[in-house]
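> Here you go, one structure.
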Amino acid sequence: MNEILKIAVQKSGRLYDGSMKLLKECGIEISNGNNQLRVQAADFPVEIFFLRDDDIPEYVQDAVADIGFVGENVVVESDKEIDITEKLGFGKCRLSLAVPKNGSLQQPADLDGKRIATSYPFILQAYLIRNKIKAQVHQISGSVEIAPKIGLADAICDLVSSGSTLFSNELKEIETILFSEAVLISNKQLSPAKKIILESLLFRIRAVKKARNNKYVLLNAPNDKLESICRLLPGMKSPTILPLAASGWSSVHSVINESDFWNVIEQLKEAGAEGILIIPIEKMIV
Ligand code: PRT
Ligand code: ZN
């Protein structure tokens, strides 16, 4: 029988859409119209298992699934024997300590002797030991942000993304304990055949991630400005330069990184570029 790689994905919740989008962009079409627990892809040797995110590390450790897409926060908290193989670039958040906005607690050391509510007791306890803070950890499974208001705790340790939950509960962040995003985790004893499928999937994931982080740029430049413009656009190897029908002008094509995108565009304009077009890239293989 041909091998199939079993992938665990969150059944519903914050990571579901990002996981399914990534698989789709990797050319893996899954139809989960009937809300099934497991679905086989038609065009790639993988089977998707839809699970609660908290169960994914254990299932991957125990080889119920071969790999999984899950938040790094859940992986670290679960402390299972698995490999973190790739960061996936979505589901970004941070696990932070937060305290009442107008209270006397200002910094982590002030938490000595205090009570902290969290759904991440393992990560929090390790942080407290590392920083020699003697606080009581109260494990609660949801709505951690209301714990100080109802008198259950003096501070919280919870996930933050936009910060609006903290804001509306009159809490402020005083320390980030962990930065997290969705990661691909793998079982430590994959068969050689499964490793080959995983390598092929990783190749596609990396091409998608790279494309998301880059944009294709097309612009017109007077020939006497080409040198300075090309210096701003190293591209994958070097920019492509094609003559325009109008004499003395060229069209320059290249790739720029999302992170310095606006900065580079401004510099290109200053250097004499005109008619700048920015186009999303679907896949990028270097
Ligand atoms: O049902 P299941 O157990 O599978 O899902 P779940 O309810 O345990 O998890 P879910 O779907 O809420 O989150 C899944 C994963 O998404 C988490 O493990 C994180 O890796 C990631 N993630 C990213 C977040 C957030 N951002 C996030 N903001 N998970 C939770 N939150 C919560 C946070 O706990 C707090 O209540 O959102 C609130 C804060 O958000 P802001 O935007 O107001 O700061
Ligand atoms: Zn969960």
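The values are calculated or read from the model by the stated rules, or taken from the named source; none is laboratory data. Quick caveat: nothing in here was measured; it's all calculated off a predicted structure. Quick reminder, even Gly has a Cβ in these numbers, built from the backbone with ideal geometry, and neighbours come from all protein chains shown. Heavy atoms of the whole protein, side chains included, go into the accessibility calculation; ligands, DNA and RNA do not. Shrake-Rupley method; radii C 1.70, N 1.55, O 1.52, S 1.80 Å.
> Restricting attention to the range 42-59, does a residue exist that is touching a residue at least 60 places away in the same chain (Cβ under 8 Å), within 15 Å of ligand 1 (Cβ to nearest atom) and within 21 Å of the chain's Cα centre (by Cα)?
For the range 42-59, residues touching a residue at least 60 places away in the same chain (Cβ under 8 Å), within 15 Å of ligand 1 (Cβ to nearest atom) and within 21 Å of the chain's Cα centre (by Cα): present.
> Being in contact with a helix residue (DSSP H, G or I) (Cβ under 6 Å, 6 or more places away or on another chain), in the same structural domain as L190 (by TED's automatic domain parsing), within 15 Å of ligand 2 (Cβ to nearest atom) and modelled with pLDDT of 95 or more is the requirement here; does E77 meet it?
yes
> Also, I was wondering about something else. Can you find, within the range 139-148, the residue that is most open to solvent (accessible area, probe 1.4 Å) among those that are part of a loop (DSSP other than H, G, I, E, B) and without any contact (Cβ under 8 Å) to a residue 40 or more places away in the chain?
My answer is S141.
> Listed residues L22, L97; which is within 16 Å of ligand 1 (Cβ to nearest atom), assigned to a strand (DSSP E or B) and of a type outside the set (K, R)?
After applying the criteria, what remains is L97.
> Where the second residue is assigned to a loop (DSSP other than H, G, I, E, B) and the first is of a type in the set (K, R) and lies in the range 169-188, which pairs have Cβ atoms under 7 Å and are six or more apart or on separate chains?
Listed pairs, sorted by first residue: K172/K101; K188/E81; K188/I82.
> Out of the residues in the range 47-74 that are part of a strand (DSSP E or B) and within 11 Å of ligand 2 (Cβ to nearest atom), which is surrounded by the fewest Cβ atoms within 10 Å (Cβ to Cβ)?
Only one residue fits best here, namely L51.
> Out of L124, L159, L128, which single residue is within 26 Å of G18 (Cα to Cα), not in a loop (DSSP other than H, G, I, E, B) and not assigned by TED's automatic domain parsing to the domain that holds V70?
Among L124, L159, L128, only L159 is within 26 Å of G18 (Cα to Cα), not in a loop (DSSP other than H, G, I, E, B) and not assigned by TED's automatic domain parsing to the domain that holds V70.
> Is there any pair linking a residue in the range 1-15 that is touching a residue at least 24 places away in the same chain (Cβ under 8 Å) to one that is among the hydroxyl-bearing types (S, T, Y) and more than 6 Å from ligand 1 (Cβ to nearest atom), with Cβ under 6 Å and at least six apart or on different chains, and which?
A8/Y59; V9/S19; Q10/Y16
> Among all residue pairs at least 6 apart or on different chains, which show Cβ distances below 8 Å where the first residue, located in the range 194-212, is among the small types (G, A, S) and the second is surrounded by fewer than 18 Cβ atoms within 10 Å (Cβ to Cβ)?
A207/K283; A207/M284; A207/I285; A211/P280; A211/I281; A211/E282; A211/K283; A211/M284
> Just checking, how many residues over the range 160-176 are within 16 Å of ligand 2 (Cβ to nearest atom) and surrounded by 19 or more Cβ atoms within 10 Å (Cβ to Cβ)?
Summing the residues that are within 16 Å of ligand 2 (Cβ to nearest atom) and surrounded by 19 or more Cβ atoms within 10 Å (Cβ to Cβ) in the range 160-176 gives 0.
> Check off (1) open to solvent by less than 50 Å² (accessible area, probe 1.4 Å); (2) within 16 Å of ligand 2 (Cβ to nearest atom) for I30 and give me the number that stays unchecked.
Exception for I30: condition (2).
> Within the group K87, K92, which residue is within 10 Å of ligand 1 (Cβ to nearest atom) and farther than 26 Å from H138 by Cβ?
That would be K92, the only listed residue that is within 10 Å of ligand 1 (Cβ to nearest atom) and farther than 26 Å from H138 by Cβ.
> Among L15, L22, which is the only one that is open to solvent by less than 10 Å² (accessible area, probe 1.4 Å) and not acidic (D, E)?
L22
> Only one residue in S168, S162, S191 is of a type in the set (S, T, N, Q) and within 20 Å of the chain's Cα centre (by Cα), so which one is that?
Being of a type in the set (S, T, N, Q) and within 20 Å of the chain's Cα centre (by Cα) holds for just one of S168, S162, S191, which is S162.
> Please report, ordered by residue number, the strands (runs of 3 or more DSSP E) entirely within the range 177-286 with at least 3 residues that are touching an Asp or Glu at 6+ places or on another chain (Cβ under 7 Å) and either closer than 29 Å to E25 by Cβ or open to solvent by less than 70 Å² (accessible area, probe 1.4 Å) (or both).
182-186, 214-222
> Given the options E170, E227, E145, name the one that is of a type in the set (D, E, K, R) and modelled with pLDDT under 95.
The match here is E227.
Condition check ((1) closer than 24 Å to S78 by Cα; (2) in contact with a Lys or Arg (Cβ under 6 Å, 6 or more places away or on another chain); (3) not assigned by TED's automatic domain parsing to the domain that holds Y16) across all residues:
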| position | (1), (2), (3) |
| --- | --- |
| F167 | no, no, yes |
| E170 | no, yes, yes |
| E175 | yes, no, yes |
| S186 | yes, no, no |
| Q189 | yes, no, no |
| I197 | no, no, no |
| L201 | no, no, no |
| R204 | no, no, no |
